[in-house]
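Colleague: First, the structure itself, so that you have it in front of you.
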Amino acid sequence: MRIGVPKETSAGERRVALVPESGKKLIQAGYTIAMEAGAGDAAGFSDSAYREAGVTIWDDPAALLSSADLVLKVNAPSAGDGQGSETDWMREGAIYIGSLMPLRNLEAVRALAARRITAFSTDAIPRTTRAQSMDTLSSMASISGYKGALLAAAELNKYFPMLMTAAGTVPPAKVFVIGAGVAGLQAIATARRLGANVFATDVRPEVKEQIESVGGKYVGIELAGGVSAGGGYAKELTEADQLRQRELLAAQCAQSDTVITTALIGGVFAPRLITADMVKSMKPGSVIVDLAADGGGNCELSRPGERVSVGGVTILAPLNLPATMPLHASLLFSRNLTAFIQAFTKDNAFMVDLTDDIQLGSVITHEGAVKHQRTRDALQKVAT
Ligand code: NAI
């Protein structure tokens, strides 16, 4: 079975879906692999490193994709004009595996279904112990949390740590992290390593211990309504709970030097949690890093991809932070994909088996149909 890996084409993307180490493993498992020339350059993996691993290098992405049985990508394939996009080049019945983010890429989903491609989205893989090694969302969220804390520290007008100097002692900065999932916990741990005094909140009660285990202090409210949507995902709060949470957030923001937000509903959409008034209550020189910018942002004043300054408070809403650390992002992403492929390889080929819970959870399109319920609902919504 032939695996094809094209160069990513999204603006600012520097990751690659397969690194040489994984290439070697998949070749040993019986696959042949073709990659587009220069696909790994921006992530620090040269064509010669791939060649040494046994991968062949192709110049023409159209020829590469049309000959592949299994296409590996970081992002959704391009779709649109009927002749020059990745979904047009992929052959009917091929398999795509990557971080499709179907709810944010409905156009690509439509094109994949029309081309009868079996598409697996690694961000829809169920959150089970067996699937942990395949979970690209976690690998990438951890990078965002780390990088988000570093951006905040670099932007803040003061030190993160307490410092005792000959000129006297300076107190540590106070960092407040909203949302303590994978990204939030890594942001807490990183800010702690830099010496800040870190407070954090989440709506899922089970995270209190996790926050404390990485050195943060939990702040939270007792919620009257249920919040867990299962699988580690949060639901939207009831209106009454939103009001009570807003009081907590207002008090914390006013006292914090840095706020890092990571809250997502269902792993996709960002609830608006920080109001313009909360921003105005912060000290000039403070920093907000909105890590939910890819999902629209947790702060009312965030502009995804831009830097905003309001009353001396800087709001950063960086997009696709994993692409800013492309070497480790690619390495981890590639290991996740490789674990997925290896789990379903039989007689040197990837077996589609939709009775398996991991495949069933992550399949988005198959045999011309959209199989993923939330994606089907979203497509119907835009059609009406
Ligand atoms: P996520 O990216 O969906 O959301 C980020 C965080 O925001 C979550 O902790 C969520 O509870 C929180 N949040 C949502 N609304 C909020 C609000 N109004 N205020 C404050 N916080 C709010 O979640 P993520 O990071 O992908 O994972 C969440 C959990 O799932 C983690 O505990 C993780 O360990 C678990 N997980 C398990 C996996 C597995 O077993 N294979 C794989 C991935 C995650």
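The values are calculated or read from the model by the stated rules, or taken from the named source; none is laboratory data. What you see is a predicted model, and the numbers here were worked out from it, not measured in a lab. Counting neighbours? That spans all protein chains shown, and the Cβs are built from the backbone with ideal geometry, glycine included. Side chains included, ligands, DNA and RNA excluded: accessible areas come from the protein's heavy atoms. Shrake-Rupley method; radii C 1.70, N 1.55, O 1.52, S 1.80 Å.
Colleague: Return the pair list, or none, for Cβ contacts closer than 6 Å from residues in the stretch 22-40 that are in the same structural domain as LEU72 (by TED's automatic domain parsing) to residues that are exposed (fewer than 15 other Cβ atoms within 10 Å of the Cβ) and modelled with pLDDT under 95, at least 6 apart or on different chains.
Modeller: GLY30/ASN348
Colleague: Here's a check for you: in the stretch 255-269, which residue that is more than 7 Å from the ligand (Cβ to nearest atom) and of a type in the set (A, V, I, L, M) is most open to solvent (accessible area, probe 1.4 Å)?
Modeller: Ranking the qualifying residues of the stretch 255-269, first place goes to VAL268.
Colleague: While we're looking at this one, here's another question. Which condition number does THR314 fail, the rest of (1) hydroxyl-bearing (Ser, Thr, Tyr); (2) outside any loop (DSSP other than H, G, I, E, B); (3) within 16 Å of the ligand (Cβ to nearest atom) being met?
Modeller: Going through the list (1) hydroxyl-bearing (Ser, Thr, Tyr); (2) outside any loop (DSSP other than H, G, I, E, B); (3) within 16 Å of the ligand (Cβ to nearest atom), THR314 breaks only (3).
Colleague: Taking the stretch 236-248 only, how many residues are near the ligand (Cβ under 8 Å from one of its atoms) and either open to solvent by 40 Å² or more (accessible area, probe 1.4 Å) or in contact (Cβ under 8 Å) with a residue 60 or more places away in the chain (or both)?
Modeller: Residues flagged as near the ligand (Cβ under 8 Å from one of its atoms) and either open to solvent by 40 Å² or more (accessible area, probe 1.4 Å) or in contact (Cβ under 8 Å) with a residue 60 or more places away in the chain (or both) within the stretch 236-248 amount to 2.
Colleague: On to the next question. Being modelled with pLDDT of 95 or more and either open to solvent by less than 20 Å² (accessible area, probe 1.4 Å) or among the hydroxyl-bearing types (Ser, Thr, Tyr) (or both): is that true of ALA323 here?
Modeller: yes
Colleague: Answer yes or no as to whether ARG130 is over 27 Å from ALA200 (Cβ atoms) and open to solvent by 20 Å² or more (accessible area, probe 1.4 Å).
Modeller: yes
Colleague: Being within 11 Å of the ligand (Cβ to nearest atom), open to solvent by 10 Å² or more (accessible area, probe 1.4 Å), more than 23 Å from ASP290 (Cβ to Cβ) and assigned by TED's automatic domain parsing to the domain that holds ASP290 narrows it down to one of GLU222, GLU206, so name that one.
Modeller: Being within 11 Å of the ligand (Cβ to nearest atom), open to solvent by 10 Å² or more (accessible area, probe 1.4 Å), more than 23 Å from ASP290 (Cβ to Cβ) and assigned by TED's automatic domain parsing to the domain that holds ASP290 holds for just one of GLU222, GLU206, which is GLU206.
Colleague: Any chance the stretch 114-135 includes a residue that's touching a helix residue (DSSP H, G or I) at 6+ places or on another chain (Cβ under 9 Å), near the ligand (Cβ under 10 Å from one of its atoms), acidic (Asp, Glu) and assigned to a loop (DSSP other than H, G, I, E, B)?
Modeller: yes
Colleague: Hey, another quick one. List the strands (runs of 3 or more DSSP E) that sit entirely inside the stretch 18-85 and contain at least 1 residues that are among the basic types (Lys, Arg).
Modeller: Those strands (runs of 3 or more DSSP E) span 70-73.
Colleague: Looking at GLU155, GLU92, can you tell me which residue is over 30 Å from ALA63 (Cα atoms), open to solvent by 20 Å² or more (accessible area, probe 1.4 Å) and among the acidic types (Asp, Glu)?
Modeller: Result: GLU155 is the single residue among GLU155, GLU92 that is over 30 Å from ALA63 (Cα atoms), open to solvent by 20 Å² or more (accessible area, probe 1.4 Å) and among the acidic types (Asp, Glu).
Colleague: Can you pull out every residue in the stretch 271-294 that is within 14 Å of the ligand (Cβ to nearest atom) and open to solvent by 20 Å² or more (accessible area, probe 1.4 Å)?
Modeller: PRO271, ARG272, LEU273, THR275, LEU291, ASP294
Colleague: So which of GLY368, GLY297, GLY361 is among the small types (Gly, Ala, Ser), in the same structural domain as GLU239 (by TED's automatic domain parsing) and at pLDDT 95 or above?
Modeller: GLY297
Colleague: Right, another one. Return the residues of the stretch 330-358 that are part of a loop (DSSP other than H, G, I, E, B) and modelled with pLDDT of 95 or more; say none if nothing qualifies.
Modeller: Result: PHE344, MET351, VAL352, ASP353, LEU354, THR355, ASP356.
Colleague: When you scan the stretch 86-100, how many residues do you find that are assigned to a loop (DSSP other than H, G, I, E, B), free of Cβ contacts under 8 Å to residues at least 40 places away in the same chain and touching a helix residue (DSSP H, G or I) at 6+ places or on another chain (Cβ under 6 Å)?
Modeller: Here the count works out to 2.
Colleague: If you go through the stretch 306-317 one residue at a time, do you hit one that is under 19 Å from SER142 (Cα atoms) and either of a type outside the set (A, V, I, L, M, F, W, C) or open to solvent by 60 Å² or more (accessible area, probe 1.4 Å) (or both)?
Modeller: No.
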